[in-house]
Structures are given as structure tokens and as C-alpha cells.
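Presented below is the structure to which this report refers.
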Amino acid sequence: MSNIHFLQTETKTILDSDTQVVYINGQNLANKNAFYDAISMGLQLPTYFGRNLDALADVLYDLESIQAKYTLILITHWELCLLEDIAFKNELLDVFRSSENEYLDFIFI
């Protein structure tokens, strides 16, 4: 199961050398299209990625395209993220929480 961490301040973390860190600045993500652009770029998803929550859940479950053993998705300014679509933000958090990938973690700062 994936782990989700909410941190109050930015921290420095020592990461395994086999960890891919996907950094997303939530301050720049006003809506779901901006989020899908950022996650697609960060995870280097193919152009045919479905850009919906079901497709994202599938990708997070099976990160075969990523060469690293572990993946850490770090989203800064989470409180400012997706302010134009709070319902989507809550659904997205549900997808993150239900991810069954033990090699995937999320940090929200």
C-alpha cells in the first residue's frame, strides 16, 4: 500500500539511489488539466494516457515505465493546488490513498 505524508514545512529527505522523485508545484495547478499536464510530464507518461482518475489509478498501480524501484511524488503548496476544482482534488486524494503500490509514496507540503 502507498503511504501519504502531509508535512507542515519543507524538509530534506535522504532517498535511496533507486528512487525517482516526481516534483510537482501545486501552486501552478489551478485545475485538473494543469494537474494532468504536470503528472504526465513528471511520470513521463505516454501521449495516450487517458487523463482521467481511472487511468491515473492504473498508472499508479503499475509503474512499469519507470526504471527506478521506488517512486516518490512530492507535491508542494498542496493547499493551493486545484482551487478551481475542490471536488476533483478530493477525488484525486482518494485515488492516491487507495493506490496499492508498495513502491510508491506521496508527500504533500
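Here are a few things to note about the model shown:
- Shape call, segment 20-71: gyration tensor on alpha carbons, a/c limit 1.5: oblate
- Nearest-0.05 FRET efficiency for Arg97 and Ser17, computed from C-beta distance (R0 22 Å): 0.20
- Here each label is just a point 7 Å from Cα along the line to Cβ, and for Phe88 and Ile109 those points are 2.5 nm apart.
- Modelled FRET efficiency - R0 22 Å, Glu64 with Asn25, Cβ distances, 0.05 increments: 0.25
- For the pair Leu80 and Ala57, label points projected 7 Å from Cα toward Cβ lie 3.1 nm apart.
Read the figures in this text as sums done on the coordinates, not as results from a lab. No experiment lies behind these values; they were computed from the predicted model shown. Cβ sites come from the backbone with ideal geometry, for glycine too, and all protein chains shown count toward neighbours.
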